[in-house]
Amino acid sequence: MTKSQLITIVSKKAHLTKKASADAIIALFDEVIRALTKGEKVVISGFGTFYVSPVKDKQVVPFGNEKNRQTIKSHRVVNLKVGKPLKKAVW
C-alpha cells in the first residue's frame, strides 16, 4: 500500500476530502518521526510500539575475503514491536 492509496482509503472511510486526509496522515507521520528522533517510544494501541535502538560498530568480511574487511559504523535503527491484535490478524 502506498501513501496515496492510504489517503484515498482514509478519505472514504472518514468522509473527508483527500486534502484533509493527506494533511492528517502527513501530520501523523511527522509526529512519529519527531518523537523517534528525540529517542521517544511511539505506542499505537492495537498496532504496536515503534522505538529506536543503537547498533554498535561491527566488522564484516564479504564472502570470507579476509583482506577486504569492512567496518560498519555505529548507528541507530527503528524497530517495531507488534501489538497483539496485529500479530493475531497477520500470523
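The values are calculated or read from the model by the stated rules, or taken from the named source; none is laboratory data. All values derive from a computational prediction rather than experimental measurement. In this analysis, Cβ positions are derived from the backbone assuming ideal geometry, glycine residues included, and neighbour counts consider all displayed protein chains.
For the stretch 54-63, check the following and say yes or no: at least one residue is assigned by TED's automatic domain parsing to the domain that holds Lys84, in contact with a His (Cβ under 9 Å, 6 or more places away or on another chain), surrounded by 11 or more Cβ atoms within 10 Å (Cβ to Cβ) and of a type in the set (A, V, I, L, M, F, W, C).
Scanning the stretch 54-63, I find at least one residue that is assigned by TED's automatic domain parsing to the domain that holds Lys84, in contact with a His (Cβ under 9 Å, 6 or more places away or on another chain), surrounded by 11 or more Cβ atoms within 10 Å (Cβ to Cβ) and of a type in the set (A, V, I, L, M, F, W, C), so the answer is yes.
Check whether at least one residue in the stretch 8-17 is surrounded by 11 or more Cβ atoms within 10 Å (Cβ to Cβ), more than 25 Å from Arg76 (Cα to Cα) and touching a Lys or Arg at 6+ places or on another chain (Cβ under 6 Å), and report yes or no.
Checked the stretch 8-17: at least one residue is surrounded by 11 or more Cβ atoms within 10 Å (Cβ to Cβ), more than 25 Å from Arg76 (Cα to Cα) and touching a Lys or Arg at 6+ places or on another chain (Cβ under 6 Å).
Looking at Ala35, Ala89, can you tell me which residue is within 29 Å of Lys12 (Cα to Cα), assigned by TED's automatic domain parsing to the domain that holds Ser11, of a type in the set (A, V, I, L, M, F, W, C) and free of Cβ contacts under 8 Å to residues at least 40 places away in the same chain?
Going through Ala35, Ala89 in turn, just one is within 29 Å of Lys12 (Cα to Cα), assigned by TED's automatic domain parsing to the domain that holds Ser11, of a type in the set (A, V, I, L, M, F, W, C) and free of Cβ contacts under 8 Å to residues at least 40 places away in the same chain: Ala35.
Hey, among Ala20, Ala27, which residue is closer than 21 Å to Ile7 by Cα, surrounded by fewer than 11 Cβ atoms within 10 Å (Cβ to Cβ) and more than 14 Å from the chain's Cα centre (by Cα)?
Step by step, each of Ala20, Ala27 is checked, and only Ala27 is closer than 21 Å to Ile7 by Cα, surrounded by fewer than 11 Cβ atoms within 10 Å (Cβ to Cβ) and more than 14 Å from the chain's Cα centre (by Cα).
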